[in-house]
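The structure under discussion appears below in the form of structure tokens.
The values are calculated or read from the model by the stated rules, or taken from the named source; none is laboratory data. The model shown is predicted, which means the values in this text are computed figures rather than measured ones. Note that each Cβ is placed from the backbone with ideal geometry, even for glycine, and that neighbours are counted across all protein chains shown.
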Amino acid sequence: MATASVEVLTTAVETGSGYWAKFDRIVRDDQAFVTSVRVIEDGTRIDGGGAFSKFVEGQHIEQAVDAIRSGKVNVSRLIAGQFVGWETDEYEVDAIGADVALQIAVFGEIKYG
């Protein structure tokens with residue numbers, strides 16, 4: 001059974017974050033869930049810098065969710081509500097919520113949207 005963080009990472013890679021990111025070096029478990037991936041910021045960086053990439057694993061998504069749930073990163077109530085019940089597997093994170101978690105895991109903040 002996949003962990004919540006791996007399910008969210010898979011959703012971000014497969015449906016939520018393709019508008020700003022490209023992905024390579026994707027590693028999947030035996031159930032085809034993404035366990036690690038290199039996230040590459042697509043196009044020119046907003047700050048004018050060069051190419052940017054970061055490896056992301058389930059632990060990075062966990063840290064992002066902790067930041068959302070603790071209020072360290074400001075998100076809408078709609079997004080924050082998707083992570084209620086996180087520790088009991090009683091959550092429903094959609095593509096937008098997964099994208100937000102991935103952005104926080106990569107940048108420490110919501111950069112796109």
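Odds and ends about this structure:
- Test: residue in region 73-93 that is surrounded by fewer than 19 Cβ atoms within 10 Å (Cβ to Cβ) and at pLDDT 95 or above: no
- Pairing each residue of region 73-101 that is of a type in the set (Ser, Thr, Tyr) with any residue that is surrounded by 13 or more Cβ atoms within 10 Å (Cβ to Cβ), provided the two are 6+ apart or on different chains, yields C-beta distances under 7 Å for Tyr91/Ala4; Tyr91/Gln82; Tyr91/Phe83.
- Search result, residues across region 56-70 that are β-branched (Val, Ile, Thr) and farther than 13 Å from Ala4 by Cα: Val56, Ile68
- Which listed residue is among the small types (Gly, Ala, Ser), surrounded by 13 or more Cβ atoms within 10 Å (Cβ to Cβ) and modelled with pLDDT under 90, from Ala2, Ala21, Ala51, Ala12: Ala2
- For Glu41, the conditions (1) at pLDDT 90 or above; (2) closer than 18 Å to Gly113 by Cβ; (3) surrounded by 16 or more Cβ atoms within 10 Å (Cβ to Cβ); (4) not small (Gly, Ala, Ser) are fulfilled apart from (1).
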